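One structure is given below, encoded as structure tokens.
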There are 2 protein chains.
Amino acid sequence: MESDAAASGHVADRLLAAIDQLKAPVCVGIDPVLERLPQQLRCRAGTTTAAAAAAIGDFARSVLEVVAGRVPCVKFQSACFERYRAQGVEVLFELIEEAQARGLEVILDAKRGDIGLTAEHYAAGVFGAPAPPHWITVNSYLGPDAIEPFLAVHRGAFALVRTSNPGADAVQAERLRSGGTVAESVARMLAALGARCTGRRGYSALGAVVAATRPDEARMLRALMPQQLFLVPGLGPQGGTIEDVLPCFKPDGTGAVVTASRSVIFAFDSSERRWSDAVGRAASDLAEQVGRAVGLR
Amino acid sequence: MESDAAASGHVADRLLAAIDQLKAPVCVGIDPVLERLPQQLRCRAGTTTAAAAAAIGDFARSVLEVVAGRVPCVKFQSACFERYRAQGVEVLFELIEEAQARGLEVILDAKRGDIGLTAEHYAAGVFGAPAPPHWITVNSYLGPDAIEPFLAVHRGAFALVRTSNPGADAVQAERLRSGGTVAESVARMLAALGARCTGRRGYSALGAVVAATRPDEARMLRALMPQQLFLVPGLGPQGGTIEDVLPCFKPDGTGAVVTASRSVIFAFDSSERRWSDAVGRAASDLAEQVGRAVGLR
């Protein structure tokens with residue numbers, strides 16, 4: 001059930017249309033971990049890799065069912081599925097297809113990064129799937145030619161600029177002789193690289209990952225990357241507040257998608273039988289909180 | 001068939017022992033691409049993802065058979081297998097097991113990089129396999145806490161410092177206000193992080209990827225990271241010469257592993273029936289060339 005705008009070919013236009021429709025610039029991160037599944041699913045998981053991957057899949061399917069219509073977008077954490085190797089990867093791509101069938105925009109959070117030819121293989125693997133995700137996350141350390149292959153196939157990529165982990169400063173906050181930080185230099189590189197693939201609304205198919213834990217920096221990065229959609233983790237458990245995410249948006253309320261994972265998908269006590277009701281409420285709360293803060297509601 | 005020294009628990013000691021035994025500080029990169037397989041294998045590949053993954057697997061198995069005993073180490077390019085999603089990942093882990101059964105040290109070139117908890121999932125997936133690789137490559141952009149989980153399991157990680165692609169300068173060669181480049185700053189970070197997990201021969205379980213295309217820089221990085229084994233791509237097709245790789249070694253001939261992929265595994269005409277003979281010769285030539293240049297032969 002796609003709206004006309006959402007059916008547009010450009011990934012940024014699609015995502016913006018989906019956000020407009022629900023008045024919710026948010027994304028639910030699907031980072032399932034066996035130990036935190038509802039008791040009834042965990043008991044079924046048994047001890048084999050296949051059983052664990054299946055339990056993770058059942059859980060994620062229920063999450064997709066309940067968040068669809070409440071949020072425009074989901075982000076799958078590839079590591080949580082790759083943990084179960086081939087069986088996990090199979091479940092992952094099934095879920096990506098199911099998310100799309102439910103009308104959700106889909107980001108694959110895989111943070112891939114390799115030199116040109118190899119990046120082409122990664123892009124071919126992910127975007128060559130029968131129902132590929134709309135976006136993938138990529139690492140910026142190898143420079144523009146490691147990112148380009150992900151844009152060549154008319155899908156989108158969110159490239160890492162600023163991450164929320166405590167150790168990130170060791171590289172990203174280093175100050176350059178030419179002025180500014182490494183993260184700001186990466187931001188300039190992405191702005192230049194993304195300029196050639198903008199959609200009708202002026203945003204590029206090349207977006208940026210900008211964590212919500214440093215509002216001053218977010219303001220600076222917002223100015224450096226006017227055409228980049230920001231994918232913004234860090235709200236909640238990672239220490240960011242709703243005020244911290246606001247500088248990632250433009251004054252008109254566009255420009256960013258706030259993503260929350262654990263605070264939504266694990267918003268229940270593990271013994272709770274109707275656990276998915278709690279997930280649905282947490283997704284609606286996230287949409288309401290961010291939608292209101294940026295003036296869409 | 002492991003020698004006593006190679007059976008040592010520490011991955012750096014194992015790798016050094018395996019290099020000593022063959023007098024060859026080299027690695028063959030297994031980066032199989034369907035289009036370049038020998039004609040007889042390509043014809044069997046058919047059109048399904050499963051058939052393509054199987055053909056890639058058959059090719060790689062033949063390569064392992066012929067390079068074992070000539071080189072101490074192989075490196076699997078994860079992207080070439082992930083390209084075929086679940087089926088490719090299944091083949092990849094089968095091959096990793098087979099390589100070990102043939103006495104080869106194994107590097108998984110996956111360049112993973114994510115924040116702490118997620119990095120733990122990647123580490124659990126790769127190193128939790130029934131026959132896990134000895135080493136994995138990781139991205140440095142997220143800082144030390146994104147690398148530590150890969151070291152916590154007593155295996156090894158090669159972290160990206162300097163890559164061989166043309167666009168790498170855009171990030172890695174930026175000059176810092178505190179002196180030196182981003183790559184040199186990453187090198188200092190890795191030297192500090194790796195100091196706590198050195199083996200009997202003084203090398204750390206945390207190594208570094210340093211491309212062979214910039215010898216002056218390699219010299220500087222060698223000085224900054226005395227305890228890091230260097231994984232050195234870039235010889236041959238990527239533009240590096242044997243002279244370019246020498247500064248990655250210490251005067252005693254230890255300290256680096258030169259890795260070559262396409263120039264070895266595709267060292268045949270696609271119609272050649274005894275193609276694996278050519279691969280074996282190319283592996284021996286690589287071992288001879290590098291072993292001689294660093295004084296091991």
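The values are calculated or read from the model by the stated rules, or taken from the named source; none is laboratory data. These numbers come from a predicted model, not from an experiment. Quick reminder, even Gly has a Cβ in these numbers, built from the backbone with ideal geometry, and neighbours come from all protein chains shown. Quick note on the areas: whole protein, heavy atoms, side chains included, nothing else; ligands and nucleic acids left out. Shrake-Rupley method; radii C 1.70, N 1.55, O 1.52, S 1.80 Å.
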### Task
Mind checking the full-extension length gain between A:Lys250 and A:Glu94? Use 0.36 nm per residue of separation minus the Cα-Cα distance, one decimal, nm.
52.7 nm
### Query
Between A:Phe158 and residues 5 or more places away or on another chain, which pairs have amide H atoms under 5 Å apart, with H built 1.01 Å from N, and which residues are they?
A:Ile136, A:Thr137, A:Val138, A:Gly207
### Summary
Of the candidates A:Pro226, A:Pro247, A:Ser62, the farthest towards the positive dipole end of chain A (Lys/Arg Cβ +1, Asp/Glu Cβ -1, centred on the Cα centre) is A:Pro247
### Query
Using a label point 7 angstrom from Cα along Cα-to-C-beta, what distances in nm, from shortest up, separate A:Arg196 from the other copies?
4.4
### Task
Determine ³J(HN,Hα), in whole Hz, for all residues of region A:221-236 in sequence, where each value follows from phi through the Karplus function 6.51 cos²θ - 1.76 cosθ + 1.60 and θ = phi - 60°; x replaces Gly and Pro.
5, 4, 5, 6, 10, x, 9, 9, 6, 9, 9, 10, x, x, 6, x
## Note on the structure
Taking R0 as 60 Å and r as the Cβ-Cβ distance between A:Thr241 and B:Arg274, the FRET efficiency 1/(1 + (r/R0)^6), rounded to the nearest 0.05, comes to 0.35
### Label-point separation in nm, A:Ala131 to B:Glu35, each point 7 Å along Cα→Cβ
3.0 nm
### Message
How many Å² of accessible surface get buried when A and B come together, counting both sides, probe radius 1.4 Å, rounded to the nearest 100?
### Response
4700 Å²
### Message
Give the lysines reachable from B:Lys75 as a straight Cα distance under 22 Å; neighbours fewer than 8 places away on the same chain don't count.
### Response
A:Lys111, B:Lys23, B:Lys111
### Task
Find every distance from the label point of A:Gln39 to the corresponding label point in the other copies (7 Å from Cα along Cα→Cβ) and write them in nm, one decimal, shortest first.
6.6
## Note on the structure
Sequence order, region B:90-100: Karplus ³J(HN,Hα) from phi using 6.51 cos²θ - 1.76 cosθ + 1.60, θ = phi - 60°, Hz rounded, Gly and Pro as x, gives 4, 4, 4, 6, 4, 5, 4, 5, 5, 4, 5
## Note on the structure
Rounded to a whole %, the carbon-and-sulfur portion of the accessible area of the protein assembly as shown at a 1.4 Å probe is 50 percent
### Message
Starting from the 7 Å offset along Cα-to-Cβ, what nm value, one decimal, do you get for the label separation of B:Arg281 and A:Asp216?
### Response
6.5 nm
### Task
For region A:201-215, just list the computed ³J(HN,Hα) in residue order, Karplus coefficients 6.51, -1.76 and 1.60, θ = phi - 60°, integers in Hz, with x standing in for Gly and Pro.
9, x, 9, 8, 6, 9, x, 9, 8, 10, 5, 8, 9, 9, x
### Query
Which loop-located GluC sites (Glu not before Pro) does region A:194-297 contain, where loop means any DSSP state but H, G, I, E or B and the Cβ has at most 15 other Cβ atoms within 10 Å?
A:Glu272
### Query
Mind checking which of A:Ala45, A:Ala187, A:Ala123 has the largest fluctuation in a GNM of chain A, springs on alpha carbons under 10 Å?
A:Ala45
## Note on the structure
Taking R0 as 51 Å and r as the Cβ-Cβ distance between A:Glu65 and B:Ala101, the FRET efficiency 1/(1 + (r/R0)^6), rounded to the nearest 0.05, comes to 0.70
### Task
With no solvent and one equal point scatterer per Cα, compute the Debye intensity ratio I(q)/I(0) for chain B at 0.07, 0.13, 0.15 Å⁻¹ and report its log10, rounded to two decimals.
-0.24, -0.87, -1.17
### Message
How much accessible area per residue does region A:175-289 have, counting only protein heavy atoms and a probe of 1.4 Å, in square angstrom?
### Response
40 Å²
### Query
When each copy gets a label point 7 Å from Cα toward the beta-carbon at B:Arg219, what are the spacings between them in nm, shortest first?
4.7
### Query
Which is farthest toward the positive dipole end of region B:153-204 among B:Ser185, B:Phe158, B:Ala173, measuring Cα position about the Cα centre, with Cβ charges +1 (Lys, Arg) and -1 (Asp, Glu)?
B:Phe158
### Over region A:51-139 - Rg/Rh using Cα atoms and the Kirkwood inverse-distance radius
0.97
#### Entry: For region B:271-286 versus region A:145-167, the gap between their alpha-carbon centres in whole angstrom
38 Å
